[in-house]
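Peer 1: Please find one structure pasted underneath; my questions will follow.
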């Protein structure tokens, strides 16, 4: 089982920046705040307008909201309030608050929280992570059931069955729900 040990600082700073941006009256409702990336990045071209398209699944049509390729981060949560995520252009990390599944044994080098955070990194590796912080924010944007949102190469889809996050580039990702999780 792959795991990474994550420090609490980057996601905590993102949460503070998101909260500050939410108080800014110039922020546009429903678009998410554009926050500084945890890693330095080159200047980017102006944002492309958002667009919406439909993606069909076996159970229902899913509405995909396209966001700018230059979006730094989007914090979201599921309608149940049980899963929260931070989505970056090439990675995503989600925290599940309540689960009935048992994660694999904690790695010997993990002295932080284990089994409540899943991530998909820029290389396409997905799995549980050892983390000292949480991607869950109570006041995050709610991703309605049968809707998906794309930030850069990452698409997260919310259904009543689970939350699925994957890279459109590598086709790797994960699903997570109260009952189980999968890595692909």
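We did not get these values from a lab; they are worked out from the coordinates using the rules stated. The structure presented is a predicted model; accordingly, all values stated were derived computationally and were not measured. Cβ atoms come from the backbone with ideal geometry, glycine included; neighbour counts cover every protein chain shown.
Peer 1: Using packing as a proxy for protection, rank 73-85, 135-147 so that the peptide with the highest average count of other Cβ atoms within 10 Å comes first.
Peer 2: 73-85, 135-147
Peer 1: For region 97-153, restrict the atom set to alpha-carbon positions and state the Rg and Dmax in Å.
Peer 2: 13.8, 39
Peer 1: At a Förster distance of 30 Å, what's the computed FRET efficiency of residue 139 paired with residue 112, Cβ-Cβ distance as r, to 0.05? Intermediate results must be reported in sequence, preceding the final value.
Peer 2: On the way: r = 24 Å, r/R0 = 0.81.
Given R0 = 30 Å and the Cβ-Cβ separation, E is 0.80.
Peer 1: Averaging sequence separations of C-alpha pairs under 8 Å and six or more residues apart, then dividing by the length of region 80-184, give the relative contact order as a whole percent. Walk me through the numbers on the way to the answer.
Peer 2: Values: 228 pairs, mean separation 28.5, N = 105.
The value is 27 percent.
Peer 1: Take residue 101 and residue 125, extend 7 Å from each Cα along the Cα→Cβ direction, and tell me the distance between the two endpoints in nm.
Peer 2: 2.0 nm
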